[in-house]
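As structure tokens, the structure follows; a few thoughts come after it.
The values are calculated or read from the model by the stated rules, or taken from the named source; none is laboratory data. What you see is a predicted model; the values in this text were computed from it and never measured. Because the Cβ atoms are built from the backbone with ideal geometry, glycine has one as well, and the counts that use them run over all protein chains shown. Accessible surface areas use protein heavy atoms only, side chains included; no ligands, DNA or RNA. Shrake-Rupley method; radii C 1.70, N 1.55, O 1.52, S 1.80 Å.
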Amino acid sequence: EETIYKYLINKFDFYLSLGYSRREFIEITLKFPTIYTYGIDNIKIKIDNMIKFGYSKRAILKISKKVPVIFAYSIDSINAKIQNLIDYGYTKKDVIKMTTAFPLLFIYNFELLSTKRDDIRALGYGKNDIIKMTKTFPQLYGLTNDNIKNKIDNFINVGYSYEDVIKMTKSFPMLFSLSVDNINLKKEQIMNMGYTSKQFLLMSKKFPTIY
């Protein structure tokens, strides 16, 4: 029992030294108790590998808090996931920024990302549009195709045409993060300023960041 206790304490202290708070690490171990089985030396090697690529220690900590299983991946697997994004058209800097903001990209396999891109292209976006949109809003990769379609429909129900929505989201993909209530509330707020519904739609088509 004493040996097991020392083993757990050693791992616990190591993760705290990386920057986790006690509460954060306890919550992670409740979801992923296997994190205690990851070798300390192997984790250090993986961290060094990511630092050499360009990630900061702070970014690695943020990523591992969201996707602790990244420490279970081999270095080759991590590098392959990064290279897959670069091969699609992102720069090294883009990949670091995207995966730090949306660490789940490390979980998605190549086939899933390819399918998501095909689905988005089928909606009316080109490859360059997808790259531009996901650089700004990488969480787009986390939305299902049905979810994206529903969000497009939400804007159409407000009064935009399908073409309007595609054009607006190309320039401001964060629109896909809005719920129906968010959309209606913003329209209501602007109209309370004295704008008509038609004027609001006209202005927001040209200035979608108003949302």
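Condition check ((1) in contact (Cβ under 8 Å) with a residue 40 or more places away in the chain; (2) surrounded by 18 or more Cβ atoms within 10 Å (Cβ to Cβ); (3) not in a helix (DSSP H, G or I)) across all residues:
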| site | (1), (2), (3) |
| --- | --- |
| 128 | no, no, no |
| 135 | yes, yes, no |
| 146 | no, no, no |
| 149 | no, no, no |
| 165 | no, yes, no |
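Pick out the one residue from 32, 14, 102, 25 that is without any contact (Cβ under 8 Å) to a residue 60 or more places away in the chain, open to solvent by 60 Å² or more (accessible area, probe 1.4 Å) and in contact with a helix residue (DSSP H, G or I) (Cβ under 6 Å, 6 or more places away or on another chain).
Working: 14 fails: open to solvent by 60 Å² or more (accessible area, probe 1.4 Å); 102 fails: open to solvent by 60 Å² or more (accessible area, probe 1.4 Å); 25 fails: open to solvent by 60 Å² or more (accessible area, probe 1.4 Å).
Going through 32, 14, 102, 25 in turn, just one is without any contact (Cβ under 8 Å) to a residue 60 or more places away in the chain, open to solvent by 60 Å² or more (accessible area, probe 1.4 Å) and in contact with a helix residue (DSSP H, G or I) (Cβ under 6 Å, 6 or more places away or on another chain): 32.
Could you tell me whether the range 132-139 includes any residue that is of a type in the set (D, E, K, R), within 22 Å of residue 55 (Cα to Cα) and under 21 Å from the mean Cα position of the chain (by Cα)?
Let us first name the residues in the range 132-139 that are of a type in the set (D, E, K, R), namely 132, 135.
Applying the additional criterion that residues be within 22 Å of residue 55 (Cα to Cα) yields 132, 135.
Now narrow it down to the ones that are under 21 Å from the mean Cα position of the chain (by Cα): 132, 135.
Yes: one or more hits.
Among residues of the range 178-204 that are closer than 22 Å to residue 149 by Cβ, those with a beta-carbon under 7 Å from a residue that is among the β-branched types (Val, Ile, Thr) at least six positions away or on a different chain give the pairs 183/158; 187/158; 204/210. Scanning the range 59-96 for residues that are open to solvent by 60 Å² or more (accessible area, probe 1.4 Å), in contact (Cβ under 8 Å) with a residue 12 or more places away in the chain and either touching a helix residue (DSSP H, G or I) at 6+ places or on another chain (Cβ under 9 Å) or of a type in the set (S, T, N, Q) (or both) yields a total of 5.
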